[in-house]
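Novice: Handing you this structure, nothing more for now.
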Amino acid sequence: MKNYVLKITLRNSDISRTVAIPADYGFFDLHDVIAITFGWEDYFYHQFNAGGTVIVDDANEDIDLLPDRFKYEYEANLEFFLMNVKNFTYTYDVEQPWVHDIEVEGVLEEGFDHPVLLECGGRMIVEDLLDDDTTSVTLGDAPNKDELNLILDHTFLG
């Protein structure tokens with residue numbers, strides 16, 4: 001199965017993850033991979049910005065808050081964007097933005113049948129939801145690649 005190799009780096013940090021994701025997966029799946037491998041708890045809306053198109057969390061239904069040129073993540077074809085865009089961003093918590101730069105590093109023509117964490121740098125994110133609906137974000141331990149891959153296996157293979 002064809003996979004795209006993506007390097008995802010939390011902007012202004014040394015925290016990065018390199019993943020292989022099957023070409024037929026969607027932006028929602030990529031969001032899950034990022035949340036799992038970085039440690040985000042998925043408390044807030046997220047969005048991608050790829051090639052001038054904002055790809056939004058399908059839970060965000062307030063059309064007045066969305067940009068003019070957007071697609072819901074279930075409508076946007078991930079492979080179409082990855083074939084045409086080599087660098088894009090992922091923002092977690094659009095009100096207190098944590099921006100991740102994503103670079104397409106390559107293609108595996110014979111890859112994996114589900115997302116796999118290939119490399120990890122930096123530490124895990126520890127996110128706690130506060131009473132005022134903001135988060136406290138601290139750095140945790142170094143990531144355990146084998147443990148994260150087990151979580152990805154369980155999430156995507158059931």
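Novice: Report, ordered by the first and then the second residue, all pairs with beta carbons closer than 6 Å, sequence separation of six or more or different chains, a first member in segment 98-112 that is free of Cβ contacts under 8 Å to residues at least 40 places away in the same chain, and a second member that is small (G, A, S).
Specialist: Filtered contacts from segment 98-112: no entries.
Novice: So the check is Cβ under 9 Å with 6+ separation or different chains; which pairs have a first residue in segment 142-158 that's within 18 Å of S16 (Cα to Cα) and a second one that's open to solvent by 80 Å² or more (accessible area, probe 1.4 Å)?
Specialist: A142/R123; P143/R123; K145/E119
Novice: Taking G51, is it on the phi > 0 side of the Ramachandran plot and either exposed (fewer than 14 other Cβ atoms within 10 Å of the Cβ) or touching a residue at least 12 places away in the same chain (Cβ under 8 Å) (or both)?
Specialist: Numbers: on the phi > 0 side of the Ramachandran plot: yes; either exposed (fewer than 14 other Cβ atoms within 10 Å of the Cβ) or touching a residue at least 12 places away in the same chain (Cβ under 8 Å) (or both): yes.
Judged against the criteria, G51 is a match.
Yes or no, residue by residue, for (1) at pLDDT 95 or above; (2) of a type outside the set (V, I, T):
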{"site": "L30", "(1), (2)": "yes, yes"}
{"site": "V33", "(1), (2)": "yes, no"}
{"site": "F44", "(1), (2)": "no, yes"}
{"site": "G51", "(1), (2)": "no, yes"}
{"site": "N60", "(1), (2)": "no, yes"}
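Novice: Please enumerate the residues belonging to segment 3-42 that are open to solvent by 10 Å² or more (accessible area, probe 1.4 Å), small (G, A, S) and in a strand (DSSP E or B).
Specialist: S16
Novice: Ok, one more. Looking at segment 79-86, can you tell me whether even one residue there is farther than 16 Å from F156 by Cβ, open to solvent by less than 60 Å² (accessible area, probe 1.4 Å) and in a strand (DSSP E or B)? Write out each step before concluding.
Specialist: Filtering segment 79-86 for residues farther than 16 Å from F156 by Cβ gives 79-86.
Right, trim to open to solvent by less than 60 Å² (accessible area, probe 1.4 Å) and you get 79, 81-82, 85.
Subset that is in a strand (DSSP E or B): none.
The answer is no; no qualifying residue exists.
Novice: Which condition number does T155 fail, the rest of (1) surrounded by 15 or more Cβ atoms within 10 Å (Cβ to Cβ); (2) part of a strand (DSSP E or B) being met?
Specialist: Going through (1) surrounded by 15 or more Cβ atoms within 10 Å (Cβ to Cβ); (2) part of a strand (DSSP E or B) one by one, T155 breaks only (2).
The values are calculated or read from the model by the stated rules, or taken from the named source; none is laboratory data. All values reported here derive from a predicted model rather than from experimental measurement. Positions of Cβ are backbone-derived with ideal geometry, glycine not excepted, and every protein chain shown enters the neighbour counts. When the accessible area is computed, the model is the full protein with side chains, heavy atoms only, and any ligands, DNA or RNA have been set aside. Shrake-Rupley method; radii C 1.70, N 1.55, O 1.52, S 1.80 Å.
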